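Heads up, the thing below is written out as structure tokens.
Read-outs: derived from the displayed coordinates by stated rules, not from any lab. On a predicted model such as this, the values are computed, not experimentally measured, just so you know. All Cβ positions, even for glycine, are placed from backbone atoms using ideal geometry, and neighbour counts span all protein chains on display.
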Amino acid sequence: MSSLFTPLTIRGLTIKNRITVSPMCMYSSIDGFVNDWHVVHLGSRAVGGAGLIITEAAAVSPEGRITPDDLGIWHDEHLPGLKRITTFLAEHGAVAGIQLAHAGRKASTYTSWKGSGIVPEAEGGWQTVAPSAIPFHAGQPAPTELDQTGIDRVIADFRAATLRALAAGFQVVEIHAAHGYLLQEFLSPLSNARTDSYGGSFDNRIRLLLQVVEATRAEWPAEYPLFVRISATDWTEGGWTPADSVALAAILKDRGVDLIDCSTGGNVPTADIPVGPGYQVQFAEKIRQEADILTGAVGIITNAAQAEAIIASGQADLVLLAREMLRDPYFPLHAAQELGVDVAWPDQYARAKRAKK
């Protein structure tokens, strides 16, 4: 028996295996719209056998995009393209998930192969927003500090995006509160210098995320899971800590969150991060054990034996693969063969299936 290929049931939804395609920005949209690239990119991972496929960060508002080329879900016209994706994924046995996001002070940047730094408004950029007027990089234009009206608008945008995600056929929503984007900016004292009810104490700094979760959960069907991606540590003294993450995870569980997707970093450009195979799995294990909530492990998970060990040892409930899925869209089919598990291949590909060893 393989733990990696054991189904996972969360609420009323069963995922056929523990292999998830992690959200990965493609920077290939115009005005937030899906195009053929997205359909082929995500569809090939469904053909390749992934149990859950989460789209790249979908911006809940135009100013919430990381770049002008980001995927969006801020108006109803985005829905037909998204529905095309969810329909195809379902036809090939994959659960469709979507990551809802707001980039905060890290918005309005160039796509990496088009330039670097902040896109000026004259070239299609926009004024960024954040909990405090602290730029991500020294020397960059300062973001605008959100007032209560702006905060209320962010919550409303996540609520509206949740309803659109449901209409588009998604069955998992993940709220992006990691990697130095808006919701994590509120969480971390390194980016949140507010003195009102959204700053200062731990309870104040987590307030916006809790309000977004409550708004999302209120619109999301009870039978469908809700995930939250967090950066479990800032890797920087005085910042967000693993202990903070455990405390937050326990609170999120009580608010209807089903799984914590455990990443790290992204909020401090000078953080010293000890990158290596499975370097973030420790945080998924800690949060799973200490907050008693399902977790997903990410971070240089590149082979079947490694992924199997993470699930079998109880370090996490899902493994989320990113770059390895870019290198090998059929990783789940190949991993099953390596682990001696007989899984169904698409009918169109069955003639290429090798006998189980």
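Across segment 201-217, rounded Karplus estimates of 3J(HN,Hα) from the backbone phi angles (6.51 cos²θ - 1.76 cosθ + 1.60, θ = phi - 60°) give 6, 3, 4, 6, 5, 8, 4, 4, 4, 4, 5, 5, 4, 4, 5, 5, 4 Hz, Gly and Pro being marked x.
Counting pairwise Cα distances across segment 138-196, what percent come out greater than 20 angstrom? Looking at segment 138-196, the distances longer than 20 Å represent 40 percent of pairs. Report, to the nearest 10°, how far helix 242-254 tilts away from the longest principal axis of the Cα atoms in the chain, using its own Cα long axis and a range of 0 to 90°. Its long axis makes an angle of about 80 degrees. Each residue of segment 272-285 was assigned a 3J(HN,Hα) from its phi angle through the Karplus expression (A = 6.51, B = -1.76, C = 1.60, θ = phi - 60°), giving 9, 9, x, 5, x, x, x, 5, 9, 4, 4, 6, 4, 5 Hz with x at Gly and Pro. The label-point distance for residue 237 and residue 6, in a model that sets each label 7 Å from Cα toward Cβ, rounds to 4.3 nm. Considering only alpha-carbon pairs that sit under 8 angstrom and 6 or more positions apart, the relative contact order computed for the chain is 16 percent.
Pick from 191, 22, 44 the residue whose mean-square fluctuation is largest in a GNM of the chain, springs joining Cα atoms under 10 Å. Top of the fluctuation ranking is 44. Over the residues of the chain, the helix contribution to mean residue ellipticity at 222 nm works out to -9500 deg cm²/dmol, using -39500 (n - 2.57) for each DSSP H run of at least 4. Close amide H partners of residue 57, meaning residues 5 or more places away or on another chain with modelled amide H under 5 Å apart, are 24, 25. Applying a DSSP loop filter and a limit of 10 other Cβ atoms within 10 Å to the chymotrypsin sites (Phe, Trp or Tyr not before Pro) in segment 40-115 leaves 113. Computed from the alpha carbon atoms alone, the convex hull of segment 106-183 holds 132 Å³ per residue.
Remark: segment 30-40, residue by residue, has Karplus-estimated 3J(HN,Hα) of 10, 6, x, 7, 5, 9, 4, 4, 5, 5, 5 Hz, where x stands for each Gly or Pro and the curve is 6.51 cos²θ - 1.76 cosθ + 1.60 at θ = phi - 60°.
Per-residue Cβ neighbour counts within 10 Å put 217, 288, 105 in the sequence 217, 288, 105, beginning with the fewest.
The radius of gyration of the Cα set in segment 210-357, together with its Dmax, comes out at 17.7, 57 angstrom. Rg over Rh for segment 4-79 works out to 1.04, using Cα positions for both radii and the Kirkwood form for Rh. Note that segment 1-156, at 25 °C in a medium of 0.890 mPa s, gets a Stokes-Einstein diffusion coefficient of 144 µm²/s from its Kirkwood radius over C-alpha pairs. With both labels modelled 7 Å from their Cα along Cα-to-Cβ, the residue 338 to residue 39 distance reads 3.2 nm. Shape class of segment 101-237 from the Cα gyration tensor (axes a ≥ b ≥ c, square roots of the eigenvalues): oblate, since a/c reaches 1.5 or more and a/b does not exceed b/c. Backbone amide hydrogens, once placed in the peptide plane, bring residue 144 within less than 5 Å of 128, 129, 130, excluding anything fewer than 5 places away on its chain. Lys-Lys pairs in segment 8-352 that are eight or more residues apart or on separate chains and whose Cα atoms lie under 27 Å of each other come to 5.
Across the chain, Cα-Cα pairs more than 34 Å apart make up 21 percent of the total. Distance between the pseudo-spin-label points of residue 270 and residue 148 (7 Å out from Cα toward the beta carbon): 3.7 nm.
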